[in-house]
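Since the structure comes first, as structure tokens, the remarks are kept for the end.
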Amino acid sequence: MDKIVQISDIHFCIKDKNHSSRKHLSLVLNKINNLYDEYILVLSGDLVMNADRAHYLALYQYIRDFTKSDIYAIPGNHDNIALMKALAMQEECFKIQDVLEIGNNDIVFLDSSEKGEHLGGGKIDLAYFEVIKSQLRARANKIVFIHHPPFKIGADWFKKICLDNGDLLMQSLSEIDNLKYLSYGHCHNYFSEERANTVFLSCPSSWIQFDHSCHHETKYDQEKEIGFNVFHLSDDISHETVTISVC
Ligand SMILES: [Fe+2]
């Protein structure tokens, strides 16, 4: 397996007929299948609109109708990690784990769903992160997936709901050799910057993007493309962000 496809902020909704989360997710999954035969899927948080058993199982089944690929998930602020872990044990559902080794690549899945100071914000358990870090192979290339961006980006209102203890996480991340990517969701838009040989990349929402030029309140940009990230694993990992117009 040499490809990871990341989908984020699906906000899957079972009932509301006008909610475009299902329709847009189908556009994304069809596009992925048109481009690639084999891949693993990573869902980087805010999987469902209501974090209950019915929504998680319905989303899992919805995606299963498009692909047999392994599906890994991390929680976002709209998720219930205890329920996600229980479903992973009891049912055929999304895989929940800390680290996945693929060849010479260590894929790290972080949980930032602990509530932050502001509604929608997040926090990470830094002591637990140190435990995960100790399991990583020194020479392996690393990709970290997390829902909340570890630094403040975007609109003023959004800056308040990034990772509360992001400064400490960034400090800890700087000690990891060969950290090629940190890829986050939550921002419902496109951001990318390189810091000290690591690409900090956002994954757009598969449902709808935020208008980050509006600073005082949450505003959606209905016309902005939906999309997903693809990571090509080799000695030199690369990525592309694929977009789909919904207008
Ligand atoms: Fe979020």
(request) Test Lys159 against the stated conditions and say whether it is free of Cβ contacts under 8 Å to residues at least 40 places away in the same chain and within 16 Å of the ligand (Cβ to nearest atom). (result) yes
(message) Can you go through Phe151, Phe94, Phe145 and tell me which one is out of contact with any helix residue (DSSP H, G or I) (no Cβ under 7 Å at 6 or more places or on another chain), of a type in the set (Phe, Trp, Tyr) and either touching a residue at least 40 places away in the same chain (Cβ under 8 Å) or under 17 Å from Gly185 (Cβ atoms) (or both)?
(response) Phe145
(message) Where the second residue is within 16 Å of the ligand (Cβ to nearest atom) and of a type in the set (Phe, Trp, Tyr) and the first is in contact (Cβ under 8 Å) with a residue 60 or more places away in the chain and lies in region 40-67, which pairs have Cβ atoms under 7 Å and are six or more apart or on separate chains?
(response) Val42/Phe145; Ser44/Phe145; Ser44/Tyr184
(request) Out of the residues in region 167-194 that are of a type in the set (Gly, Ala, Ser) and either without any contact (Cβ under 8 Å) to a residue 40 or more places away in the chain or touching a strand residue (DSSP E or B) at 6+ places or on another chain (Cβ under 7 Å) (or both), state the one that is nearest to the ligand (Cβ to nearest atom). (result) Gly185
(request) Mind listing whichever residues of region 219-247 are without any contact (Cβ under 8 Å) to a residue 60 or more places away in the chain and either within 18 Å of the chain's Cα centre (by Cα) or under 14 Å from Leu182 (Cα atoms) (or both)? (result) Glu225, Ser238, His239, Glu240, Thr241, Thr243
(message) When the residues of region 15-52 are narrowed to those that are in contact with a helix residue (DSSP H, G or I) (Cβ under 8 Å, 6 or more places away or on another chain) and over 20 Å from Thr67 (Cβ atoms), which ends up farthest from the ligand (Cβ to nearest atom)?
(response) Asp52
(message) Please count how many residues of region 170-228 are among the aromatic types (Phe, Trp, Tyr), under 17 Å from Ser21 (Cβ atoms) and surrounded by fewer than 21 Cβ atoms within 10 Å (Cβ to Cβ).
(response) 1
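The numbers here are math on the coordinates, done by the rules we state, and not lab data. Please read all numbers here as calculations on a predicted model, not as lab measurements. Quick reminder, even Gly has a Cβ in these numbers, built from the backbone with ideal geometry, and neighbours come from all protein chains shown.
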